[in-house]
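Here is the structure we will look at.
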Amino acid sequence: MNIFIFGGTGDLASRKLLPALYRHFKAHRLSAHAKIVSIGSRAINSSEYQILVRENLEHHLNESEFDESVCSEFLKLISFLKIDFNKADTFKLLADNALDGSRNIYYLAVSPIFYKIIVDNLNLQKLIFSSSSIIVEKPIGRDHSSSVEINHALAQHFNEHQIFRIDHYLGKEAVQNLLALRFGNIIFEKIWSNIAIDHIQITVSETLGLENRGSYYDETGAIKDMLQNHLLQILCLVAMEPPTNINSESIRDEKLKVLRSLRPLEGNKNDQQVVVGQYKDGAINAQPKKAYVEEDGVNPNSMTETFVALKLWIDNWRWSGVPFFLRTGKRMSEKKSEIVVQFKSVPHNIFDSKIMQKDNQLIIRLQPEESIKLKIMIKKPSASGFYLQELPLDLLFEDYYKEDHLDAYERLLMDIIENKPSLFMRRDEVEEAWVYIDQLITSIHSSDINISKYNAGSWGPSSADLLIAGHEAKWNNEED
Ligand code: BG6
């Protein structure tokens, strides 16, 4: 098996891909006969590249993971080739490694603007076989039409089952656990609809800023960087109908139906449905943070959003009348990804009106720690009187599973190696998500929604609180 990493000196290869391959190698999941060929434009040879990889591994792996002798063996699998993506001739250098009969995996860890030329040149040099796979990263395109162009370029040379479109959130253990929770338990599924649910919140908040990705991010923004892919994928898993089986096509079919049921925003009501924000300076854990517009690579007059919150409706029987509130942002108060399912009130309250009756809430925390919490009402023990109290049924996964989870990229790379497509996005899903996002962006521009500033270290603009307050609800910011 040969793994070709285009963009071998880039951030993704150094931070995620090579550490993930190292861990697989250390755990004997990656064959000692595999070849890893990194490709880039730098004028360095394989030995010089191996020195860089070694430094990177030492930096990105924790002490217990890094092992000197394993690392030396791992480096023997790795070589480096300088290739100019625009020059078909230079792709001939790959021919010695990319032989027919062995599995060739082409990982495009480069900007999407290079996808077409790379696959065209691989094809020109006859380096694509029926056993080859191509891996591309989100965001696939900048909008619907560019995603169609990219998908079309890939489809010229690869069949759909050879194309792995990565959304690393789908590789997270906790995200997959949503399937187990929803479809492995009868108790949730029966109430998982407008019959019992008042609204659902999905939050993916980050404390991180731009991490040397200023120019990419300033062109992209939170809507395309996070909402178009990670949040919509989580939404699909939360809202989809039960698939007929666990195979990739059944799940993707159901996710696609959700994307097709998203209600386009309504003309002049947009300002009550979407909030976009950008962080000002502030502090996180008492560390001062500068404003977005002062970050390296960002235009000082930038109007790019680093936060988005929206109220979204899914037009189908199950979800009719149930709003979904989604939000994501950088430099927020806390790093967390969570889904909050807010249930409706009991239909008839039998208790004294002075007794606080709270509505049930299911909180599924995906990261940093993985947990499921169901808030229920119980009777507080007392000598006299009848008092209710809300308490959680609390399942913290680390209490049961001591061993570390595979990191999302480790899992996805393993699935690519084993040719399992379930955790990757199908062409129609990606394009359908863009249809919604294009329409969202157009309506934001046409209704002059202003970008609201928020302090770094806060929970985003106050207008995002008003957005959900309109439904007589509030974001689950701090645990009460
Ligand atoms: C990436 C985005 O897809 O996801 C980044 O491009 C973001 O901007 C990252 O920081 C968040 O991923 P995670 O796994 O840290 O939640």
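Derivation of every value follows stated rules applied to the coordinates shown; laboratory data play no part. Computed from a prediction, not measured in an experiment: that's the story for all the values here. Positions of Cβ are backbone-derived with ideal geometry, glycine not excepted, and every protein chain shown enters the neighbour counts.
At a Förster distance of 51 Å, what's the computed FRET efficiency of GLN389 paired with GLU55, Cβ-Cβ distance as r, to 0.05? Write down the numbers at each step before the final one.
Details: r = 55 Å, r/R0 = 1.07.
Calculated value: 0.40.
Would you please give the FRET efficiency between LYS335 and LYS380, computed as 1/(1 + (r/R0)^6) with r the Cβ-Cβ distance and R0 = 41 Å, to the nearest 0.05?
The value I calculate is 0.75.
Need one number: convex hull volume per residue for the range 338-480, Cα atoms only, in Å³.
Numbers: hull volume 32.2 nm³, N = 143.
Hull volume over Cα atoms, normalised by residue count, gives 225 Å³.
Let's test the formula: R0 of 60 Å, r as the Cβ-Cβ distance of ILE117 and ASN349. What FRET efficiency results, to the nearest 0.05?
FRET efficiency, ILE117 to ASN349: 0.40.
Counting helices only, and only those DSSP H runs with n ≥ 4, report the 222 nm mean residue ellipticity of the chain as the sum of -39,500 (n - 2.57) divided by its residues, in deg cm²/dmol to the nearest 500.
-8500 deg cm²/dmol
Over the Cα atoms of the range 419-480, how large are the radius of gyration and the largest Cα-Cα distance (Dmax), in Å?
In Å, with Rg to one decimal and Dmax whole: 17.2, 47.
Quick one: which of 424-430, 88-94 comes out on top by average Cβ neighbours within 10 Å, and what's the full order, highest first?
Numbers: 424-430: 21.3, 88-94: 16.4.
In decreasing order of mean packing, 424-430, 88-94 become 424-430, 88-94.
What does the C-alpha gyration tensor say about the overall shape of the range 51-185? Classify as rounded when a/c is under 1.5, otherwise prolate if a/b is larger than b/c, or oblate.
In terms of gyration-tensor shape, oblate.
Highest mean first, how do 135-146, 444-455 rank when packing is the count of other Cβ atoms within 10 Å averaged over residues?
135-146, 444-455
Among LYS172, LYS289, which comes first, second and so on when ranked by fewest other beta-carbon atoms within 10 Å?
On the way: LYS172 23, LYS289 20.
With the sparsest Cβ surroundings first, the list reads LYS289, LYS172.
Quick check: residue separation of ASN212 and LYS126 times 0.36 nm, minus the Cα distance between them. What number comes out in nm?
27.3 nm
Put +1 on the Cβ of each Lys and Arg and -1 on the Cβ of each Asp and Glu in the range 225-356; which of VAL276, TRP317, PHE307 then has its Cα farthest toward the positive end of the dipole?
TRP317
Given the pairs LYS289/LYS311; LYS172/LYS380; LYS255/LYS344; LYS82/LYS224; LYS336/LYS358, which are separated by over 27 angstrom at their Cα positions?
Listed pairs above 27 Å: LYS289/LYS311; LYS172/LYS380; LYS82/LYS224.
Looking at the calculated P(r) for the chain, what percent of the C-alpha pair distances fall above 35 Å?
37 percent
So, counting K/R as plus one and D/E as minus one, what does the shell of residues with Cβ under 11 Å around ALA291 add up to? Can you show the working numbers first?
Values: positive: LYS280, LYS289, LYS290, ARG331, LYS453; negative: ASP281, GLU294, GLU295.
For residues surrounding ALA291, the net value is +2.
Mean separation of Cα pairs under 8 Å and 6+ residues apart, divided by the residue count of the chain: what relative contact order is that in percent?
Across the chain, relative contact order equals 17 percent.
Would you mind calculating the gained length between LEU93 and ALA32 on full extension (0.36 nm times residue separation, minus the Cα-Cα distance), in nm to one decimal?
Full-extension gain reported as 19.7 nm.
Find the centroid of the Cα atoms in the range 244-320 and in the range 71-100, then give the distance between the two in whole Å.
Using only Cα atoms, the two centres lie 39 Å from each other.
Under unit Cβ charges (Lys, Arg +1; Asp, Glu -1), what dipole magnitude, rounded to 20 debye, does the chain have relative to its Cα centre? Don't jump to the answer; show the numbers that get you there.
Numbers: 54 positive and 66 negative charges, 103 e Å.
It comes to approximately 500 debye.
Specify the angular offset, from 0 to 90 degrees and rounded to the nearest 10, of the alpha carbon long axis of helix 248-260 from the longest principal axis of the alpha carbons in the chain.
Helix 248-260 sits at roughly 60 degrees to that axis.
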